[in-house]
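**Student:** Please see the structure below; I have some questions.
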Amino acid sequence: MYVLLPGSHRRLCRARNLSATGVFVETGDMGLRKGQTVELAFAISLGTITKLHRRTAVVAHVSRGGTGLMMQNHGS
């Protein structure tokens, strides 16, 4: 999963506990802070088809292990 920040900064991170409403991402020290908005880009494999998804998310919490992100409503 890529975490995209304003100013064209992006980092490939490992996602943990991905759900429709949020994700915990192993971000290391990216300097993210609670309430900050980021964009996520990730691929989901559906058998023979792979779909690329982009979602806006808000930083819900930051820990030494990573960052908890809450997905924003996507056109609903």
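**Student:** Looking at (1) of a type in the set (D, E, K, R); (2) part of a loop (DSSP other than H, G, I, E, B); (3) modelled with pLDDT of 85 or more, can you tell me which one Asp29 breaks?
**Tutor:** (3)
**Student:** Sticking with this structure for a sec: Report every pair of residues separated by at least 6 positions or lying on different chains whose Cβ atoms are under 8 Å apart, first residue within the range 49-73 and in contact (Cβ under 8 Å) with a residue 12 or more places away in the chain and of a type in the set (Ser, Thr, Tyr), second surrounded by 15 or more Cβ atoms within 10 Å (Cβ to Cβ) and not in a strand (DSSP E or B).
**Tutor:** The qualifying pairs are Thr67/Thr27; Thr67/Met30; Thr67/Leu32.
**Student:** Test Thr27 against the criterion of being in contact with a strand residue (DSSP E or B) (Cβ under 8 Å, 6 or more places away or on another chain) and exposed (fewer than 10 other Cβ atoms within 10 Å of the Cβ), and give yes or no.
**Tutor:** For Thr27, the condition - in contact with a strand residue (DSSP E or B) (Cβ under 8 Å, 6 or more places away or on another chain) and exposed (fewer than 10 other Cβ atoms within 10 Å of the Cβ) - is not met.
**Student:** Using beta carbons and a limit of 9 Å, which pairs, at least six apart or on different chains, have the first residue in the range 1-12 and within 15 Å of Gly28 (Cα to Cα) and the second one outside any strand (DSSP E or B) and of a type in the set (A, V, I, L, M)?
**Tutor:** From residues that are within 15 Å of Gly28 (Cα to Cα), the pairs are Met1/Leu18; Val3/Met30; Val3/Leu32; Leu5/Met30; Leu5/Leu32; His9/Met30; Arg11/Met30; Leu12/Met1.
**Student:** Separate question: Can you tell me how many residues within the range 33-53 are at pLDDT below 90 and under 15 Å from Met71 (Cβ atoms)?
**Tutor:** Looking only at that region, the number is 3.
**Student:** Can you name the residue in the range 65-76 that is over 14 Å from Arg16 (Cβ atoms) and outside any strand (DSSP E or B) and is also modelled with the highest pLDDT among such residues?
**Tutor:** Gln72
The values are calculated or read from the model by the stated rules, or taken from the named source; none is laboratory data. The structure displayed is predicted, hence computed values, not measured ones. So basically every Cβ, Gly included, is an ideal-geometry build from the backbone, and we count neighbours across all protein chains shown.
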